[in-house]
Amino acid sequence: MNVSVIFALQFYALLGQADEAPADPMVQYIIFGVMGLFVLVLLVKGLSSKPDFDATRDISRPDEEQTARSASDIEAEARRVFEIPHVAVDDEGDVSRTKIRIMRTEEEQAPTADDTALESPGDDSPEPEAEIDPNLEKSGKTLGQGLARTKAGFVSRLSQLFKKNKAIDDDLIGDLEEALFTADIGVRTSQRLVDMVNEKLSAGQLKDSQQVWSQIKDEIRNILSFESKPLDLDAHTPYVIMVVGVNGAGKTTTIGKLASLYRRSGKKVLLAAGDTFRAAAVEQLEVWGQRADVPVVRGRENQDPSSVIFDACQRAEAEGFDVIIADTAGRLQAKKELMEELAKVQRVIDKALPGAPHSAWLVLDATVGQNAISQAKEFSQTVDLTGVVLTKLDGTAKGGVVIGICDEMKFPVRYIGIGEQIEDLRVFDPKAFADALFSDSV
């Protein structure tokens with residue numbers, strides 16, 4: 001226990017005794033003696049705890065030279081450690097001879113030949129920076145490259161069935177049915193092909209497996225090549241194209257590529273940002289508009305999309321645009337209220353320009369396979385669809401869905417996407433598509 005506390009307790013005890021017998025002088029002397037001793041102890045204790053001021057002088061201080069370093073020295077140190085690019089300008093402020101160097105660590109301080117070349121003044125005029133034309137894109141993929149995964153999928157599987165002139169028996173027909181029904185061409189189309197083969201076999205028109213495979217390929221070509229009215233952008237001025245589809249199918253990107261293609265062909269194109277519920281969609285469309293040098297009509301966030309597209313139609317008619325491409329918000333086909341909104345948009349376009357939209361295209365993601373067919377069925381019940389754009393064919397083995405769409409929906413496939421470049425959005429050519437699909441197959 002602390003010594004001061006002990007003395008305090010003794011002191012208070014003595015005081016208590018003093019109160020009981022204050023007249024005894026001996027007691028008073030003892031009390032005063034204890035008090036003096038207590039004060040003496042406190043003084044000694046205080047002196048013994050005196051801080052050692054001399055010891056504080058030995059505490060290390062920061063180097064005065066380090067604290068006095070200038071801000072430029074600190075910056076140079078940081079740049080040397082982290083290799084931050086540094087731009088040095090002549091003292092006269094002449095920015096026409098800007099010298100660029102990379103600050104190096106101590107092991108790399110020696111100047112290199114590249115540094116010497118960069119720091120050599122040479123011609124006072126700066127070398128002009130190459131301008132990138134946003135409309136210049138890399139050459140796109142070939143159709144065969146875009147369909148490589150589909151070819152390696154169900155086409156390769158069918159081809160292997162009929163290799164080496166296998167005998168036509170129940171096992172072969174069973175394998176054919178399994179291959180077709182597990183492919184993404186749709187149940188109805190698969191059944192059509194199986195029925196065709198059985199009918200030809202019953203009539204004795206097919207003698208071997210190679211003839212069966214050849215007949216299947218011919219039938220698929222016929223499905224793809226059904227008669228459809230060709231696209232004629234000159235039929236109306238302005239020609240209005242309404243684009244619909246589910247979220248993530250690639251509507252906005254497809255619209256941007258179409259704008260670039262039509263602009264290059266000499267058309268005056270106007271884009272309508274009808275997806276007012278997703279700010280990123282409007283911004284994305286504006287980026288495509290800038291790349292294609294095409295104006296974009298946009299509205300306020302959450303504005304009625306019909307009013308935005310109505311304004312675009314009026315502007316196009318007043319300013320002599322050739323083509324309007326109207327974007328719409330992505331929606332699931334199961335949401336009835338959202339699907340009804342598309343019907344409203346179509347009615348408003350007709351009021352703005354009687355007879356429009358002249359085309360209504362459904363953008364489908366090929367990677368969803370047979371679900372694309374169900375999407376087409378649902379959208380066709382609300383919107384008067386006139387065509388389909390199939391995207392992302394290069395990234396899936398389910399490209400056979402094109403066959404099912406042509407067979408079941410009787411919609412012309414207007415464009416197919418086989419890559420990221422503008423040139424990878426191709427006009428759908430049924431013959432070229434079939435040739436690329438069945439190339440290298442037996």
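The values are calculated or read from the model by the stated rules, or taken from the named source; none is laboratory data. Model, not experiment: these values are computed from the prediction. We place every Cβ from the backbone using ideal geometry, glycine too, and count neighbours over all the protein chains shown.
Below is a table of values for the structure above.
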quantity: Lone unmet requirement of (1) in the same structural domain as ILE325 (by TED's automatic domain parsing); (2) farther than 17 Å from GLY387 by Cα for LEU258; calculated: (2)
quantity: So PHE321, is it touching a residue at least 60 places away in the same chain (Cβ under 8 Å) and more than 29 Å from ASP394 (Cβ to Cβ); calculated: yes
quantity: Count of residues meeting criterion [surrounded by fewer than 18 Cβ atoms within 10 Å (Cβ to Cβ) and either in contact with a helix residue (DSSP H, G or I) (Cβ under 8 Å, 6 or more places away or on another chain) or modelled with pLDDT under 95 (or both)] in the stretch 266-285; calculated: 5
quantity: Condition met for ILE255 (hydrophobic (A, V, I, L, M, F, W, C), crowded, with 19+ Cβ neighbours inside 10 Å and at pLDDT 95 or above); calculated: yes
quantity: Any hit, the stretch 395-403, residues being touching a Phe, Trp or Tyr at 6+ places or on another chain (Cβ under 6 Å) and within 30 Å of ALA318 (Cα to Cα); calculated: no
quantity: Complete set of residues in the stretch 147-171 that are among the aliphatic types (A, V, I, L, M) and crowded, with 16+ Cβ neighbours inside 10 Å; calculated: LEU147, ALA148, VAL155, LEU158, LEU161, ILE168
quantity: Search result, residues across the stretch 392-409 that are in contact with an Asp or Glu (Cβ under 6 Å, 6 or more places away or on another chain) and crowded, with 24+ Cβ neighbours inside 10 Å; calculated: LYS398, GLY400, VAL401
quantity: Residue within the stretch 220-240 that is of a type in the set (Phe, Trp, Tyr) and crowded, with 19+ Cβ neighbours inside 10 Å present; calculated: yes
quantity: Condition met for ALA235 (farther than 30 Å from GLY174 by Cα, out of contact with any Ser or Thr (no Cβ under 8 Å at 6 or more places or on another chain), free of Cβ contacts under 8 Å to residues at least 24 places away in the same chain and not aromatic (Phe, Trp, Tyr)); calculated: no
quantity: Hits in the stretch 163-205 - residues which are in a loop (DSSP other than H, G, I, E, B) and touching an Asp or Glu at 6+ places or on another chain (Cβ under 7 Å); calculated: ILE168, GLY186
quantity: Odd one out for ASP384 among (1) within 17 Å of HIS236 (Cβ to Cβ); (2) buried (at least 19 other Cβ atoms within 10 Å of the Cβ); (3) charged (D, E, K, R); calculated: (2)
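Okay, residues lined up against (1) farther than 30 Å from LEU364 by Cα; (2) free of Cβ contacts under 8 Å to residues at least 60 places away in the same chain; (3) touching a helix residue (DSSP H, G or I) at 6+ places or on another chain (Cβ under 7 Å):
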{"residue": "ILE185", "(1), (2), (3)": "no, no, yes"}
{"residue": "THR189", "(1), (2), (3)": "no, no, yes"}
{"residue": "MET196", "(1), (2), (3)": "no, yes, yes"}
{"residue": "SER202", "(1), (2), (3)": "yes, yes, no"}
{"residue": "LEU206", "(1), (2), (3)": "yes, yes, yes"}
{"residue": "ILE220", "(1), (2), (3)": "no, no, yes"}
{"residue": "SER225", "(1), (2), (3)": "no, no, yes"}
